[in-house]
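The values are calculated or read from the model by the stated rules, or taken from the named source; none is laboratory data. In this text, all values refer to a predicted model and were calculated from it rather than measured experimentally. Reconstructed Cβ throughout: ideal geometry from the backbone, glycine too, with neighbour counts over all protein chains shown. Side chains included, ligands, DNA and RNA excluded: accessible areas come from the protein's heavy atoms. Shrake-Rupley method; radii C 1.70, N 1.55, O 1.52, S 1.80 Å.
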Amino acid sequence: MTFDWNWEFAFEILPRLLRAYRRYLQDALRATINTLIAAGVGYGIAMILGLVFALALRSSGRLPRTLLREVLEFIRSTPLVVQIFFIFYVGPQVGITLSPWVAGMIAIGLHYSAYLAEVYRAGIEAVPRGQWESCRALNLTTRDSYVRIILPQALPHAVP
């Protein structure tokens, strides 16, 4: 079997191939931008929710703290894709209908907030014990202690 290269045919279809390649590049650029937006929004949600979870894990109530720890462990142990499908497909069965984009953002934010809660917790525990005692000695409220003293010292430990 012999194959003959046909230059006429190659030049004839070249404009169509270039148009298709251009559409492919445009679609790839759009997909890349959407991926970066999804990652940014999801990480923004995770940063805020992770800090809330980390502070809640330090609460004095034993039952809520244990329950939250188990929920976070469950979230960390299930794949993100399963969580996205769960939020998108099970949500409408309980009356929560979300667009695919919003369901994905919530799932990404929730999934990574479970990891960031541990990162923030480690940063908070890295603050020396004397700082906590000085907050108590100055009669600062719990909120003021965290906002003014503890978190500014914990975040540099947590960022790396």
Filtering segment 82-134 for residues that are closer than 30 Å to PRO152 by Cβ, of a type in the set (Val, Ile, Thr) and more than 14 Å from the chain's Cα centre (by Cα) leaves a count of 2
Taking segment 91-119 on its own, how many of its residues are open to solvent by 70 Å² or more (accessible area, probe 1.4 Å) and more than 29 Å from ARG65 (Cβ to Cβ)? 4
Which is within 19 Å of TYR120 (Cβ to Cβ) and in a helix (DSSP H, G or I), of ARG19, ARG76, ARG30, ARG23? ARG76
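Name the residues in segment 5-50 that are under 12 Å from LEU110 (Cα atoms) and among the aliphatic types (A, V, I, L, M), would you? Give the steps one after another, and end with the answer.
Step one: of segment 5-50, the residues under 12 Å from LEU110 (Cα atoms) are 41-50.
Correct list: VAL41, ILE45, ALA46, MET47, ILE48, LEU49.
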Identify the single condition in (1) under 30 Å from LEU110 (Cα atoms); (2) open to solvent by 100 Å² or more (accessible area, probe 1.4 Å); (3) of a type in the set (Phe, Trp, Tyr) that PHE53 does not satisfy, given that it satisfies every other one. (2)
Check off (1) among the small types (Gly, Ala, Ser); (2) within 20 Å of the chain's Cα centre (by Cα); (3) within 28 Å of PRO152 (Cα to Cα); (4) open to solvent by 60 Å² or more (accessible area, probe 1.4 Å) for SER60 and give me the number that stays unchecked. (2)
State whether the residues of segment 120-141 include one that is of a type in the set (Phe, Trp, Tyr), in contact with a helix residue (DSSP H, G or I) (Cβ under 7 Å, 6 or more places away or on another chain), in contact (Cβ under 8 Å) with a residue 60 or more places away in the chain and open to solvent by 70 Å² or more (accessible area, probe 1.4 Å). no
Of all residues in segment 142-160, which are in contact (Cβ under 8 Å) with a residue 12 or more places away in the chain and open to solvent by less than 60 Å² (accessible area, probe 1.4 Å)? SER145, TYR146, ILE149, ILE150, LEU151, ALA154, ALA158
